1. At least 1 residues that are in contact with a Cys (Cβ under 8 Å, 6 or more places away or on another chain) and at pLDDT 55 or above in each: list the helices (runs of 4 or more DSSP H) lying fully within the stretch 1-81 that qualify.
2. Select from the stretch 225-246 the residues that are among the hydrophobic types (A, V, I, L, M, F, W, C) and surrounded by 21 or more Cβ atoms within 10 Å (Cβ to Cβ) and write down the one among them that is nearest to residue 156 (Cα to Cα).
3. Pull out all pairs, ordered by first then second residue, where Cβ-Cβ is under 6 Å, the residues are six or more apart or on different chains, the first lies in the stretch 149-176 and is within 18 Å of residue 247 (Cβ to Cβ), and the second is not in a helix (DSSP H, G or I).
4. Out of all the residues in the stretch 101-114, which are more than 14 Å from residue 126 (Cα to Cα) and small (Gly, Ala, Ser)?
5. Which condition from (1) of a type outside the set (Ser, Thr, Tyr); (2) assigned to a loop (DSSP other than H, G, I, E, B); (3) at pLDDT 95 or above is the one that residue 192 breaks?
6. Residue 174 versus (1) surrounded by fewer than 18 Cβ atoms within 10 Å (Cβ to Cβ); (2) under 12 Å from the mean Cα position of the chain (by Cα); (3) closer than 23 Å to residue 231 by Cα: which is the lone unmet condition?
7. Do we have residue 209 as closer than 19 Å to residue 87 by Cβ, under 20 Å from the mean Cα position of the chain (by Cα) and either of a type in the set (A, V, I, L, M, F, W, C) or in a helix (DSSP H, G or I) (or both) here?
Amino acid sequence: MSNSLSRSVKIFYVMVAVTWLLLGCSGSDARAEMPRPSSYAPQADLLGQVDFFLARIDQTLSAGEVDMAGQSRLLKDANTLAMLGLVLSQHDTDFPEKSAMSAFVKAAQSLAAAAGDLGKSKAAFSELQAARAGKGTAEVPPLRWQRVASLPLVMKQVPLIHAGLKRGTGRRLERNKEQAAGQAAALAAIAQASIFDDEYASTPEDVAAWQKYCAEMRDAAGEVNVAAHAGDADRVESSMTKMLQSCEACHEKFR
C-alpha cells in the first residue's frame, strides 16, 4: 500500500471516529443534563404509586385464573413498576428501601416475563413485595440509568394514568392533591426512564428528538406534581397542557 493511500485510509477512519463522537455527544444532551429526580418525582409520591400498582397486581393474581384483560393489565403494571423502580434506585433522596430497588426492578421484570404462568407470577410478585419492604431476596447488581422495561407496554399505561390524573384535577384537585401529585410523579418517572430506550428511533437525529420529547414530558409532569402539591389548579391545568403538547409532538414524529 502506498504512503498516500495509507494516509487516506487513516484520515478516513479519523473522520468516522470524530463523526460518531459528535453524534454521540449531540444525541446525549438530555442524558447529560438530567435534573435531580426529587425535582420532578418526589420519592414519597413514587412509592405511593408503587403501592397502588402492587395492590392492583395483588388483586389480579388473587382472582385465581387470570383472563386476557387481567393479563394485559398485569403486563402493563409490571413494566411500569420496573420503570418506577429504576428512578427510585437512582433517586437523590435516601429512603430505607432504596438499596433493594435493584431487586425490585429485577422482580418486576420476572413478573412481566412470567406472563400466563400463574405460579411463576405469584413467585415473582412475592419477590416484588419483599423488595418493596427493603428486603432484596438475592444479590442483584446495582442499576444505572438503563433500559428496564417494555416501552410499548408502558406507553399503553401512560394514557390510563393521564386519564386518572385529569379526572382528579380542576374543581376536584383540593380533595385529590395527593393522588394527582402521585400520578404526575409516575408520568414524570416514566418519561425519565424512557430516555434510555430508543426503540422507536432509527437514526442519531431520531434519538436526539426522542430524548428531547421525553425530557419535555418529564419536566411538564414534574411541574404538575409541584402544582398539585400546592393545590394550584390553574397551574396544574397549564402544565398538563404542556405535557400533552409534548406527547402529541412525539406521537406525530414516532407513530
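1. By residue number, 29-32.
2. Filtering the stretch 225-246 for residues that are among the hydrophobic types (A, V, I, L, M, F, W, C) and surrounded by 21 or more Cβ atoms within 10 Å (Cβ to Cβ), the one nearest to residue 156 (Cα to Cα) comes out as 243.
3. From residues that are within 18 Å of residue 247 (Cβ to Cβ), the pairs are 151/197; 151/199.
4. Listed by number, the residues that qualify are 102, 113.
5. Among (1) of a type outside the set (Ser, Thr, Tyr); (2) assigned to a loop (DSSP other than H, G, I, E, B); (3) at pLDDT 95 or above, residue 192 violates only (2).
6. With (1) surrounded by fewer than 18 Cβ atoms within 10 Å (Cβ to Cβ); (2) under 12 Å from the mean Cα position of the chain (by Cα); (3) closer than 23 Å to residue 231 by Cα applied to residue 174, the lone miss is (2).
7. Considered against the rule, which asks whether it is closer than 19 Å to residue 87 by Cβ, under 20 Å from the mean Cα position of the chain (by Cα) and either of a type in the set (A, V, I, L, M, F, W, C) or in a helix (DSSP H, G or I) (or both), residue 209 comes out as no.
Okay, residues lined up against (1) modelled with pLDDT of 95 or more; (2) of a type outside the set (Lys, Arg); (3) closer than 20 Å to residue 150 by Cα; (4) in a helix (DSSP H, G or I):
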{"position": "165", "(1), (2), (3), (4)": "yes, yes, no, yes"}
{"position": "183", "(1), (2), (3), (4)": "yes, yes, yes, yes"}
{"position": "187", "(1), (2), (3), (4)": "yes, yes, yes, yes"}
{"position": "196", "(1), (2), (3), (4)": "yes, yes, yes, no"}
{"position": "226", "(1), (2), (3), (4)": "yes, yes, no, yes"}
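The values are calculated or read from the model by the stated rules, or taken from the named source; none is laboratory data. Being a predicted model, the structure only gives us computed values, none of them experimental. We place every Cβ from the backbone using ideal geometry, glycine too, and count neighbours over all the protein chains shown.
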